[in-house]
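Values quoted throughout were computed directly from the atomic coordinates according to the rules given, and no laboratory measurement underlies them. Being a predicted model, the structure only gives us computed values, none of them experimental. Backbone-built Cβ (ideal geometry, glycine too); neighbour counts: all protein chains shown.
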């Protein structure tokens, strides 16, 4: 993989493509801890099921609705996290907001929001990333930097 630094503006343009999209699959549960994935857009025609736009989260996050917390990264993956993510499947995204420090908020038509926080400065590496068009990944570094990695085939 070749990795390059990208601007906040480039990454923000990618996250804004979430508006109007629906989660068609989420993955969490046994053995994943608080890590989860969400698939948006159509499935790519490849040997493995993957979408044109996927979100993978390794950092702090929560799902909220009407002033209350529905679920957080601290909860049980099987009993709480997986079911909470399922409530977002099939629901259109109304808005996605990326901050310059790498936090992401995704608002859904059902009134729920997913808040994802960059783990800076508490760990080193990536906090979350977006698989994009099956070609590569945009990632948020805990050093408040944005990257794009192109997959080499």
Need one number: nm distance between label points at residue 16 and residue 97, each 7 Å from Cα along Cα→Cβ, rounded to one decimal. 1.5 nm
Order by protection proxy (mean Cβ within 10 Å, highest first), peptides 62-75, 92-105: 92-105, 62-75
